[in-house]
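What follows is a set of notes on a single structure, which appears directly below.
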Amino acid sequence: MSDAMHPAIVSAQPSQRAESNPDAPLFEGDYLDRFNKILTRYPNKRAALLPVLNLAQEVRGWLSPETLMRVGEQLELTPAYVRSVATFYTMFAVRPVGKYLIQVCAGIGCDLCGAEAVVERLLELTDTRLGETSEDGRYTVMEVECLGACGFATAVQVNDKVYENVKAEDVEGLLKELG
């Protein structure tokens, strides 16, 4: 954790990382401190669910069934409730994702500016299908409802970096930039 950031600022830190370690210690050390700071910002444990899921995903890379159960235990919530929330939001990965999680905005603004062509080109060049991870484990391509960059359509988020004004012809260069 960066010394420059306050431990309670979970949502401002990247939750999509290139590394994934589903067995990483979850509520220990600095992460236990951050968990406790999160709880101070909410009137009850249930209200802290989204930032705690974000923290768990930051630590482990994705939200496995075991991770969801641990979050539920910490917040005194049922596993079914935790899973229902985690599967509702596209920002949470409930299965392993590639080293590069590529999310393409499919909101109306981006759709009108060519999001569908961007998705098609990404799928072609990564040899994947929507929501699946490439055989080499490098790419997972998803459509999401909104990335909050409507004025700069089409928006594409790769892990924690947002690319704006992406066109289908830009996709090859974007993938080369990733390495």
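The values are calculated or read from the model by the stated rules, or taken from the named source; none is laboratory data. Note that the structure is a prediction, hence the values are computed from the model and not measured. Cβ: placed from backbone, ideal geometry, glycine included. Neighbour counts: every protein chain shown.
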Quiz item: Is it the case that the stretch 113-127 has a residue that's outside the structural domain of L39 (by TED's automatic domain parsing), closer than 30 Å to N44 by Cα and touching a residue at least 12 places away in the same chain (Cβ under 8 Å)?
Solution: no
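Please go through the stretch 110-159 and pick out each residue that is of a type in the set (F, W, Y) and within 15 Å of L175 (Cβ to Cβ).
Here is the first cut: in the stretch 110-159, the ones of a type in the set (F, W, Y) are 139, 152.
Hit for the stretch 110-159 is Y139, nothing else.
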Quiz prompt | Selection from the stretch 105-140 of residues that are within 24 Å of L63 (Cβ to Cβ), modelled with pLDDT under 95 and of a type in the set (A, V, I, L, M) | solution = A106, L130
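For (1) under 20 Å from P96 (Cα atoms); (2) of a type in the set (A, V, I, L, M); (3) part of a helix (DSSP H, G or I), each residue gets a yes or a no:
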{"residue": "V141", "(1), (2), (3)": "yes, yes, no"}
{"residue": "G148", "(1), (2), (3)": "no, no, no"}
{"residue": "G151", "(1), (2), (3)": "no, no, yes"}
{"residue": "E169", "(1), (2), (3)": "no, no, yes"}
{"residue": "K176", "(1), (2), (3)": "no, no, yes"}
Quiz item: How many residues are part of a helix (DSSP H, G or I), among the charged types (D, E, K, R), more than 17 Å from the chain's Cα centre (by Cα) and modelled with pLDDT under 95 when one looks only at the stretch 13-61?
Solution: 3
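Considering only the stretch 80-100, I want to know if a residue exists there that is part of a loop (DSSP other than H, G, I, E, B) and either at positive phi or of a type in the set (D, E) (or both).
Step one: list which residues in the stretch 80-100 are part of a loop (DSSP other than H, G, I, E, B), which gives 89-99.
Restricting the remaining residues to those that are either at positive phi or of a type in the set (D, E) (or both) gives none.
No: zero hits.
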Practice problem: Would you please list the contacts, defined by Cβ atoms under 8 Å and residues six or more apart or on different chains, that run from a residue in the stretch 129-145 that is in the same structural domain as I108 (by TED's automatic domain parsing) and surrounded by fewer than 17 Cβ atoms within 10 Å (Cβ to Cβ) to a residue that is part of a strand (DSSP E or B) and of a type in the set (D, E)? | Solution: L130/E143
Practice problem: Tell me, yes or no, whether the stretch 96-110 has at least one residue that is within 15 Å of the chain's Cα centre (by Cα), within 15 Å of S64 (Cα to Cα) and surrounded by 19 or more Cβ atoms within 10 Å (Cβ to Cβ). | Solution: yes
